[in-house]
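See below for the structure under consideration.
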Amino acid sequence: MQSQQGNKFTIPIGPQHPALKEPEHFEFNVDGELVTGASVRLGYVHRGIEKGTENRSFVQSMYLLERVCGICSHVHATAFCLGVERLAEIEAPPRAQAIRVLVAELERIHSHMLWLGVGAHEAGFDTLFMYSWRDRETVLNLLEDITGNRINYSTNVLGGVKCDIDREQAAAIRQGLDFLEERTTHYLDVVTSDMMFLRRTRGVGVMTYDESQRLGAVGPTARASGVARDLRVDAAYAAYDKYPVNLVTETAGDLEARFVVRIKELFESFRVIRAVLDDLPEGDLTTRMPRRVKEGDTISRVEAPRGELFYYIKSNGTDTAERVKVRTPTLPNMASVLTLAVGHQLADMPMILVGIDPCFSCNDRMVSVKGTLDSQCWTWEQLRQYGIEYYR
Amino acid sequence: MSAETALQTASELLEQWAKEATTPEPFRLDVVIEPDDLLAAVKALRDASWGYLSTITGVDLGVEAGEFELLYHFSNGAALATLRVRTPRDNPSVPSVCGIIPTATLYEREIIEMFGISVEGTPNTDRLFLPDDWPDGVYPLRKDYIYDDPTAQA
Amino acid sequence: MNTLRAVIALLFFPGGLFILFAGMAYEWVDRKLIARFQNRIGPRWFQPLADSIKLLAKEEVIPTDVNAILFVVLPVIALAGALASALYVPIIGLEPSYSFSGDLIVTLYLLSLLTLCTGLAGANTLDRFSLVGATRALTQMFSYEAPVLLALLGPAIVAESWKISVISEYAKSHWLIITQPIGFLVAVIGLMGKLEMPPFDAPEAETEIVAGALTEYSGRGLALFHLGKSVELMVGLTLVTAFYLGGVANPLLFFAKTLMLLVVVAGVQSLLTRLRIEQTVGLWWRYGALLALAQFLVMIAYEGVA
Amino acid sequence: MTLNLDKPWQPVLDKIKTWARINSPWAIHFNSGSCNGCDIEILATLTPRYDLERFGVKLQGSPRHADILICTGPVTRQARDRLVRIYEQMPEPKFVVAVGSCALSGGVFQGCYNVMGGIDKVLPVDAYIPGCPPRPEAIIDGLVKLLTQLQEGAAPEQNEGENTSAAAVEGAEIQLDAQANGEAK
């Protein structure tokens, strides 16, 4: 993590900036077009959700935690449900677990396609952005068909799920997947063979295996560097032991590898969803959930589209959680961005930033960081002064 | 390395500092240690390349208990090792693990801001995750922090 | 009588208002085509007009700490330069309003004014994004100016005149796209670079530096720059068509030819990823300039023989 | 910048101005603490299925170019200043659209310590689009409703807008101080 100080020219990205649809503040020190240092100020989306869970019942917290992040709302709810269910010593019925997997994989497809579009947009390739978002509407349609909402679907309830899948819906999903599979093959072709696009991705933002290990990267970002780390494989939760996932890794560690890993994961998702549909267990959707949850603590980890999502839940025997800790995948990946930024062109910054698929609303539920270790921190006074100068 | 052997290795690595070791759930190992032993324990895990630091959780055990508990979660595949460290409420302090695991700075800063626990030797202690106009000495995740909602309807 | 004709030519047709509206029409076609290529419906036909009027009617914020006179005057110069250049080119295939020997060079320099003004405007505003945008705009200007000049000089040499009307008259009987394909290619790509269209839009790359040099401009200034760019698009297309695609012809045919060219330009815009600024510059000096120069030398050698 | 013309021209000019404004609303998007759900739906309105460009809406990066400020999410303390600053940077006439339940009232985040409440606690809002998140169709509908309002002359030029926002901010600050004092035990 090296970064230099004393640079004269700083390019701020955020909190309002077209590259990031979310308000975070990055600062890049540049020497001409070359980035010589990077730092980040988070906290613009910090809402205090962890404290919020302490005065809400478990059921209410579900809805709060689902809105930690709009893109991966299902995995947050799944992680919380699985944890609380374990504490309450109940288990959701097999059909519910299978549907959780199904929705989680649909969500992964939606998230990865969204990311593909945003990544292309950052590179200035708007046509790919438009195409991938057009095709993403297919997944949103399916999700809406199953759950009733395009985003924030609230599929999970404590003790099971609330939406069933009937034969028509299953047929619709299969049809949608066939279409998407064809499109995804095309996108894989585009990101690996479009020369202009490769000029912006190949060899850019390389994170080696060792660096990735050292910085504790998770999810597709780590897998693009060859780190075989996927909770769906390592510690199968919900029904992933029944519908196994194959690990997708690449070794290059550059932006191209991150594109490829995510697109290849789409194929895995298609396969898993088909497996779930082929072999959907019969039975109830929910089990009875006690209002009070036994005292104790648990750790619940699930693989969000962006990487390992970590929940620590502590119950004190009432209907309210004593402590809920959420560690989202963007946070460990953030360190990699700030390290990778140094030495690259300013033009690559949005790409590298987006390369980890950052989700700041996830990130900020609780924490904000100042990235590079030895870079100086700004006091509020400095920041304010800077802001005044900047916006004058 | 299967999860069982991983946990076996971890418990052997941490044995000399463990005041108490439990397995609250399958694939989990909780080891209670003294704050002074924290660095040595973390280093042992690090040197053995045992997993990676998932996060650090702070828990306020309540005013009566008079203690905070910090949980250092290490993940290794399905196996989870947790180092539990307790520190008194009136003068909360733990050593920083940033010298061993640089990325821990993010988690440590969260602890500092949210609980007011001083982390000795952490490279950066500036306020960074709470808003800039947040009052000093107010730690939102402490149990005695009561929030008056300004927008609540009467 | 002559004075009246001159005034009309300047203010209404083919200069002035007509150019503005025609420029907006071309801009609309460009945006619509890109939208269609991207599977969208795209803007309505009056969109550029509505944008311009709205911007003209909007409040203009002049930041403190900038040279206010420059801030206000630069967009005017930019638009004036673009409009003036239109007087020397055969708009929709008609004879240029004004013409003198050597007007090709003058036109090219008038066309550069827009970029120059953009750069200066960015440097004037003291905003970080504007400064980077200005640097990039000027860097890009220096890289594409030479190849474009060479590409347009090719026709001038074979026509043995530096007068646009003579060249386009010559081009009527010689389709130069066949004899000078490289020159045509360089001219079209250079035009895109000049207008900062994707993939050469690094100077205003939205995802990096917001809106580049024009970040701080609002209202009237922004409108004038936008109009200037539309006019330049039209003038550029006209020049390339007149030089390479069969010269002056009847207005309808000429219009169709420029539209064809615009389809190609829009296709390239929607097909390619934005180049980094150093890639843009590299592309120009490594390939564009050299190719144009090679063509140029061949041309001279050929002329010498003939 | 208004043209100083004789009276008879004024109504015509006004009509043209209004027409242009309705047909060319350039928007800027700011997330003041949203969960992202609304943000991606706003982005989705630009994509082929919805294509906001056919109404002339362009998403702009610079506040200086924008007419409409589209806000999502509850206002967090940290984002509040930025929100106001962006609003103040926008040239007149300007409009604010609050998208999503959180932007309307704070939504599920009501009662969280870092959340100030809805956008209207900070800025004068011209149109509210409810939903969690609102569908892209709803967002388009909301924008179009705002524009229709403009046509009917219901939404006048907001020259008093800045005062309102400043007052709101001041109010919020007082609230904050009171809160801070209350909390610091």
* Structure fact -> Given unit charges at Cβ for Lys, Arg (+) and Asp, Glu (-), the dipole magnitude of the stretch B:3-120 about its Cα centre in debye, nearest 20, is 280
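Report the gain in length on full extension from B:Ser118 to B:Ala40: 0.36 nm times residue separation, minus Cα-Cα distance, nm rounded to one decimal. Let's see the in-between values first.
Details: separation 78, 0.36 × 78 = 28.08 nm, distance 1.90 nm.
The span from B:Ser118 to B:Ala40 would gain 26.2 nm if fully extended.
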* **Simple label model, 7 Å out from Cα along Cβ direction - C:Ser99 to C:Met260, nm** => 2.3
* Asked: Working from the pairwise distances between different alpha carbons, so that the mean of 1/r is found and then inverted, what is the stretch C:232-300's Kirkwood radius in Å?
  -> 14.1
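For C:Asn250 and A:Phe267, what is the calculated FRET efficiency with R₀ set at 56 Å and r taken between the beta-carbons, to the nearest 0.05?
Details: r = 56 Å, r/R0 = 1.00.
With R0 = 56 Å, the Cβ-Cβ based efficiency is 0.50.
Divide, for the stretch D:1-119, the radius of gyration over alpha carbons by 2.2 N^0.38 Å, where N is the residue count.
Working: Rg = 17.0 Å, N = 119, 2.2 N^0.38 = 13.5 Å.
Computed over Cα atoms of the stretch D:1-119, the ratio equals 1.26.
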* the stretch A:201-326: C-alpha gyration tensor shape, a/c 1.5 cut-off, then a/b vs b/c -> oblate
* Rank C:Asn2, C:Leu261, C:Phe243 by how far each Cα sits towards the positive end of the charge dipole of chain C (+1 on Lys, Arg Cβ; -1 on Asp, Glu Cβ) and give me just the farthest. => C:Leu261
* Mind pulling up the Rg/Rh value for the stretch A:147-208? Radius of gyration and Kirkwood radius, both on Cα. => 1.22
* Asked: Roughly what angle does helix C:164-173 make with the longest principal axis of chain C, taking Cα atoms, 0 to 90 degrees, to the nearest 10?
  -> 50
* Asked: Which lysines have a Cα lying under 30 Å from the Cα of D:Lys121, excluding residues fewer than 8 positions away in the same chain?
  -> A:Lys21, A:Lys51, A:Lys325, A:Lys370, B:Lys143, C:Lys54, C:Lys58, D:Lys58, D:Lys94, D:Lys145, D:Lys185
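Net charge near B:Phe68, counting Lys/Arg +1 and Asp/Glu -1 over other residues with Cβ under 9 Å of its Cβ? Kindly include the intermediate steps, with their values, before the conclusion.
Details: positive: B:Arg86, B:Arg89, B:Arg142; negative: B:Asp60, B:Glu67, B:Glu69.
Charge balance near B:Phe68 sits at 0.
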* Structure fact -> Once both label points are put 7 Å beyond Cα along the C-beta direction, the C:Glu278-D:Val144 separation in nm becomes 4.9
* Could you give the Stokes-Einstein D for chain C in µm² per second, using the C-alpha Kirkwood radius, 37 °C, 0.692 mPa s? -> 167
* Asked: Between C:Leu290 and B:Ser93, how many nm apart are label points set 7 Å from Cα along the C-beta direction?
  -> 6.7
* Under the classification rounded if a/c is under 1.5, otherwise prolate if a/b is larger than b/c and oblate if not, where does the stretch A:95-234 fall, given a ≥ b ≥ c as square roots of the Cα gyration tensor eigenvalues? -> oblate
* Asked: Using Cα atoms only, what is the angle between the long axis of helix C:103-125 and the major principal axis of chain C, expressed in degrees (0 to 90) to the nearest 10?
  -> 20
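Sorted from largest to smallest, which semi-axis lengths in Å does the alpha carbon gyration tensor of the stretch C:95-149 give for its equivalent ellipsoid, taking the root of 5 times each eigenvalue? Walk me through the intermediate numbers first.
Working: eigenvalues 162, 32, 7 Å².
One finds semi-axes of 28, 13, 6 Å for the stretch C:95-149.
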* Structure fact -> Per principal axis, largest first, the Cα atoms of the stretch A:49-327 extend in Å by 59, 46, 29
* Structure fact -> Measuring from the longest principal axis of the C-alpha atoms of chain C, the long axis of helix C:128-159 (C-alpha) lies at a number of degrees, nearest 10, equal to 10
* What 222 nm value per residue comes from the helices of chain C, counting each DSSP H run with n ≥ 4 as -39,500 (n - 2.57) and dividing by all residues, nearest 500 deg cm²/dmol? -> -24000 deg cm²/dmol
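Report, please, the projected area of the stretch B:3-120 averaged over directions, based on the convex hull of its C-alpha atoms, in nm².
6.8
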* Can you give the Rg to Rh ratio of the stretch A:163-268, both from alpha-carbon atoms, with Rh computed by the Kirkwood formula? -> 1.06
* **For D:Gly117, residues with placed amide H under 5 Å, excluding near neighbours** => D:Val75
* Structure fact -> Expected vector for the stretch D:111-121, Karplus 3J(HN,Hα) from phi with 6.51, -1.76, 1.60 and θ = phi - 60°, integer Hz, x for Gly and Pro, equals x, 7, 5, 9, 10, 8, x, x, 4, 5, 6
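How large is the Rg to Rh ratio of the stretch D:21-70 when both quantities use alpha carbon positions and Rh follows Kirkwood?
Values: Rg = 11.0 Å, Rh = 11.3 Å.
The Rg/Rh ratio comes out at 0.97.
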* Asked: Mind ordering A:186-195, D:28-37, C:283-292, A:46-55 by average Cβ neighbours within 10 Å, highest first?
  -> D:28-37, A:46-55, C:283-292, A:186-195
* **Cβ-derived FRET efficiency at R0 35 Å, A:Tyr63 paired with B:Glu20, nearest 0.05** => 0.40
* Structure fact -> Listed residues B:Ile117, B:Ile101, B:Ile56; largest mean-square fluctuation, Gaussian network over chain B with Cα springs below 10 Å, found at B:Ile101
* **Rounded FRET efficiency, nearest 0.05, which uses the C-beta distance separating A:Thr251 from A:Met195 and R0 of 22 Å** => 0.50
* Among C:Ile77, C:Ile19, C:Ile69, determine the one that fluctuates most according to a GNM of chain C built with springs between C-alpha atoms less than 10 Å apart. => C:Ile69
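Each reported figure results from applying straightforward, stated rules to the coordinates on display, with no laboratory input. None of these values were measured; they are calculated from a predicted model. Note that we place each Cβ from the backbone using ideal geometry, even for glycine, and neighbour counts take in every protein chain shown.
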